[in-house]
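This report concerns only the one structure given below.
The values are calculated or read from the model by the stated rules, or taken from the named source; none is laboratory data. Predicted, not measured: the structure shown is a model, and the values here were computed from it. No Cβ is skipped: glycine too gets one built from the backbone with ideal geometry, and neighbour counts run over all protein chains shown.
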Amino acid sequence: MSFAKTKARVKALHKALNEHNHRYYVLDDPSVSDAQYDELFHELRNIEEEYPELLTEDSPTQRVGSAPLESFDSVVHAVPMLSLGNAFSPEDLADFDRQVIERLDSPEQITYVAEPKLDGLAVSLRYENGKFIQGATRGDGATGENVTANLKTIPSIPLNLRGKNLPEVLEVRGEVFMSHAAFKANNERLEANGQKLFVNPRNAAAGGLRQLDSKKTAERQLSIYCYGLGELRGASEPATQFDMFAWLKSLGLPTNGEVARCQGHDACYRYYEALGKKRSTLPYDIDGVVFKVDELRLQRELGQRSRAPRWAIAQKFPAEEVTTKLDSIDWQVGRTGALTPVARLEPVFVGGVTVTNATLHNIDEIERKDVRVGDTVVVRRAGDVIPEVARVVLDERKKGARKVALPAKCPVCESAVARADGDVVARCTGGLGRCGAQQREGIKHFASRRAMDIDGLGDKLVDQLTDAGLVTTYADVFTLEVDAVAELPRLAKKSAQNLINSINASKQTTLARFIFALGIREVGETTAGLLADKFKTLDALIQADEVSLQGLKDVGPVAAASVAEFFSHGNNLEIVNSMIAAGVAFPPPAEQASTDVEQTLDGHTYVLTGTLAEMTRDEAKALLQQLGAKVSGSVSKKTTALIAGEKAGSKLTKAESLGVPVLDDAGLKELLRPLSP
């Protein structure tokens, strides 16, 4: 065959294979058998091996992955990738519909588009003049990771769009997922190779998309459904969300076949219930339904909050529940001495993971649910929430099922267990001086980022240090030596030296951080800050009695009693004094603008949540306080405003329910304008 004829054959094979991919992955209507497809694919690959100059980036053979990357580059989304608000009940959905109607001042029912909420990973695909140029993860919504090479391995993503008069720029949003069939095939492959199996399809898909070696991504057989638009140039936007799905499909992009229009919230909920019944038969995992206002004109009119559009909501399915046997109940001791019962279960797969433990909260919960060792129980898990024992299957209770009693002694240090009147929590009375569990968990808190911020002293290293007997109290952290630390498993001398350097650097801190780091019950960051502002010095705080502590605004009687009790224990004072002797100090803050800058926010209370774009929440808190504001940890009717970054959670929901104003990064910047040079 001449070179010209070979070149023409390559072009014909490209066209045929792309068409077969489109029919198989997008239309679900294959026109050839797998064997026929493989024959064409191998023919093309053999030609490309013989004639490397005929190999192009958009060849169907180039979906097997490329050379490994050292790291992912960042991609700034031209149009932010927003997250969605959640609804968990019919009332939530009806409330969403009511708010849409009120904002649009519409006398008619709203038309929505419903689509399955896939349990996968959101991505953005960028096409320029029809050619796939770049793909990125959602990231924080503003900036994601460049995973173009990995996305090219997904056969349902066209490398070139179909049709004529293609947009100059088309940015498409979609969800990458792993089908049940691919999940099964992957685990069979891993098992045959003696490797660890994937836990669930979502984790396998997310991990696959973030592989630095795209050949490994190709092995995972990922899929995608497209559902939205980002940047669009050189083409007219469809009038409706429903029309947009049809347009994307005409371009060769895969869309979900379960998409439907719904008139009003009653029709939406009927769709939700119907899809819930169908959920187990779908070839992929879903965790709810997404409802979007159909008309794009109305979407623009409704606009968005700081992190989510006002024209869309995700109605989540109820938590998954399964039954299993409760083998035993252990009692875990936390850093404040609280005893928490943990159910040890026969392993069971629920909510995408294998569960062996579940929380029972406290002894009252055990008694209320009449949970006994040996019972068959229903275990519930939703998303990333800790699994819990929902209820007992009483009809399956066997003779000999044992009732559970609150331990009289701490299972760790054998100190007495006490329960204050009216308190649902029982606690070990051993305290930091005696109870190893409280010491271990207390040290983890002490070293954490918002406390003493000791870089490198994470949970695993704390476990190693306490197991080796090198650390039993907070003060012991400051007596660690390089040689002793370096002898621990998997710790070289350089790592040990880095840890000691971090410990030494942490000695210069603030009084507020130090108070918070002590782990006093009922004393969070906000209360620690109030105490530091009021008493100014550690000695003054130690000398304060319960009456003077209660007299401090926003410090309640329970917190006041906890602070007074903590400093009344000689052992606690000894630990504190040892740290001061080791060099822990609270130098006065550098001359701040408090004497020079007008206190424009005096009398105002703000709450910070989510990830801010230009600074950490700690930095924002310090700047707000510099202007006289109070920064609280919880939202109430007295809150002036909630400052919400990306991935804001329950605080945003509460603020909206209370009518508290919500500010984004731009709003925060405006508040801090007096500090600008």
(1) in contact (Cβ under 8 Å) with a residue 40 or more places away in the chain; (2) part of a helix (DSSP H, G or I) all hold for LEU406 apart from (2)
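Condition check ((1) over 20 Å from ALA408 (Cα atoms); (2) without any contact (Cβ under 8 Å) to a residue 60 or more places away in the chain; (3) among the hydroxyl-bearing types (Ser, Thr, Tyr)) across all residues:
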position: ASP330; (1), (2), (3): no, no, no
position: VAL333; (1), (2), (3): no, no, no
position: GLY337; (1), (2), (3): no, no, no
position: VAL350; (1), (2), (3): yes, yes, no
position: VAL353; (1), (2), (3): yes, no, no
position: THR356; (1), (2), (3): yes, yes, yes
position: GLU365; (1), (2), (3): no, yes, no
position: GLY374; (1), (2), (3): yes, yes, no
position: VAL379; (1), (2), (3): yes, yes, no
Those residues of segment 405-417 which are loosely packed, with under 14 Cβ neighbours inside 10 Å and within 22 Å of VAL371 (Cα to Cα), in sequence order: ALA405, ALA408, LYS409
Looking only at residues that are part of a loop (DSSP other than H, G, I, E, B) and of a type in the set (A, V, I, L, M) in segment 23-35, which one is surrounded by the fewest Cβ atoms within 10 Å (Cβ to Cβ)? LEU27
Hits in segment 282-303 - residues which are closer than 15 Å to LYS117 by Cα and modelled with pLDDT under 95: LEU282, PRO283, TYR284, ASP285, ILE286, ASP287, GLY288
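Taking the stated definitions as given, is LYS292 of a type in the set (Lys, Arg) and farther than 30 Å from GLY667 by Cβ?
no
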Taking the condition at pLDDT 95 or above and of a type outside the set (S, T, N, Q), does PHE183 pass? no
Mind counting the residues in segment 621-645 that are within 25 Å of SER83 (Cα to Cα), touching a Gly at 6+ places or on another chain (Cβ under 9 Å) and hydrophobic (A, V, I, L, M, F, W, C)? 3
Among the residues of segment 246-294, write down those that are assigned to a loop (DSSP other than H, G, I, E, B) and hydroxyl-bearing (Ser, Thr, Tyr). THR255, TYR284
Return yes when ALA149 is touching a strand residue (DSSP E or B) at 6+ places or on another chain (Cβ under 7 Å), assigned by TED's automatic domain parsing to the domain that holds ARG279 and of a type outside the set (Lys, Arg) and no when it is not. no
Within segment 508-536, tally of residues that are farther than 21 Å from GLN626 by Cβ and more than 32 Å from the chain's Cα centre (by Cα): 0
Segment 207-245, subset of a type in the set (Asp, Glu) and not in a helix (DSSP H, G or I), residue nearest to ASN165 (Cα to Cα): GLU237
Among (1) small (Gly, Ala, Ser); (2) in a helix (DSSP H, G or I); (3) modelled with pLDDT of 85 or more, where does ALA78 come up short? (2)
Condition met for LYS11 (in contact (Cβ under 8 Å) with a residue 40 or more places away in the chain and either closer than 24 Å to LYS249 by Cβ or in a helix (DSSP H, G or I) (or both)): no
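Does GLY141 count as crowded, with 17+ Cβ neighbours inside 10 Å and in contact with a helix residue (DSSP H, G or I) (Cβ under 9 Å, 6 or more places away or on another chain)?
No: the conditions fail for GLY141.
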For segment 287-305, pairs from a residue that is at positive phi to a residue that is modelled with pLDDT of 90 or more, with Cβ under 7 Å and 6 or more apart or across chains, are GLY288/LYS117; GLY288/ALA314; GLY288/GLN315; GLY303/ARG310
Quick test of your reading of the structure: LEU170 fulfils all but one of (1) under 26 Å from the mean Cα position of the chain (by Cα); (2) surrounded by 15 or more Cβ atoms within 10 Å (Cβ to Cβ). Name the failing condition by number. (1)
Across (1) modelled with pLDDT of 90 or more; (2) within 24 Å of SER83 (Cα to Cα); (3) crowded, with 19+ Cβ neighbours inside 10 Å, ALA149 clears everything bar (2)
In segment 513-524, which residues are at negative phi and crowded, with 19+ Cβ neighbours inside 10 Å? ARG513, PHE514, ILE515, PHE516, ALA517, LEU518, ILE520, VAL523
Is there a residue in segment 262-274 that is of a type in the set (Lys, Arg) and touching a residue at least 60 places away in the same chain (Cβ under 8 Å)? no
When every residue in segment 174-200 that is in a helix (DSSP H, G or I) and within 24 Å of the chain's Cα centre (by Cα) is compared, the one nearest to VAL147 (Cα to Cα) is PHE183
Only one residue in ALA246, ALA204 is over 22 Å from VAL75 (Cα atoms), assigned by TED's automatic domain parsing to the domain that holds ILE101 and under 27 Å from the mean Cα position of the chain (by Cα). Which one? ALA204
Which numbered condition in (1) in contact (Cβ under 8 Å) with a residue 24 or more places away in the chain; (2) within 28 Å of the chain's Cα centre (by Cα) is the only one that GLY135 fails? (1)
3 or more residues among the acidic types (Asp, Glu) and surrounded by fewer than 17 Cβ atoms within 10 Å (Cβ to Cβ): qualifying strands (runs of 3 or more DSSP E) within segment 305-350: 320-333
Testing VAL353 on (1) more than 25 Å from the chain's Cα centre (by Cα); (2) under 27 Å from VAL462 (Cβ atoms); (3) surrounded by fewer than 16 Cβ atoms within 10 Å (Cβ to Cβ), one condition comes back false. Which one is that? (1)
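Using the structure shown, decide if ILE133 is surrounded by 22 or more Cβ atoms within 10 Å (Cβ to Cβ) and within 28 Å of SER250 (Cβ to Cβ).
The answer is no for ILE133.
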Residues in segment 257-270 that are surrounded by 17 or more Cβ atoms within 10 Å (Cβ to Cβ) and within 22 Å of LEU125 (Cα to Cα) total 1
Residues satisfying the stated conditions in segment 414-438, i.e. in a helix (DSSP H, G or I), out of contact with any Lys or Arg (no Cβ under 8 Å at 6 or more places or on another chain) and within 14 Å of ARG521 (Cβ to Cβ): GLY431, LEU432
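For (1) within 21 Å of LEU222 (Cβ to Cβ); (2) in the same structural domain as GLU231 (by TED's automatic domain parsing); (3) surrounded by fewer than 14 Cβ atoms within 10 Å (Cβ to Cβ); (4) modelled with pLDDT of 90 or more, each residue gets a yes or a no:
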| site | (1), (2), (3), (4) |
| --- | --- |
| ASN21 | yes, no, no, no |
| PHE41 | yes, no, no, no |
| GLU49 | no, no, yes, no |
| SER59 | yes, no, no, no |
| GLU70 | no, no, yes, no |
| SER74 | no, no, yes, no |
| PHE96 | no, yes, no, yes |
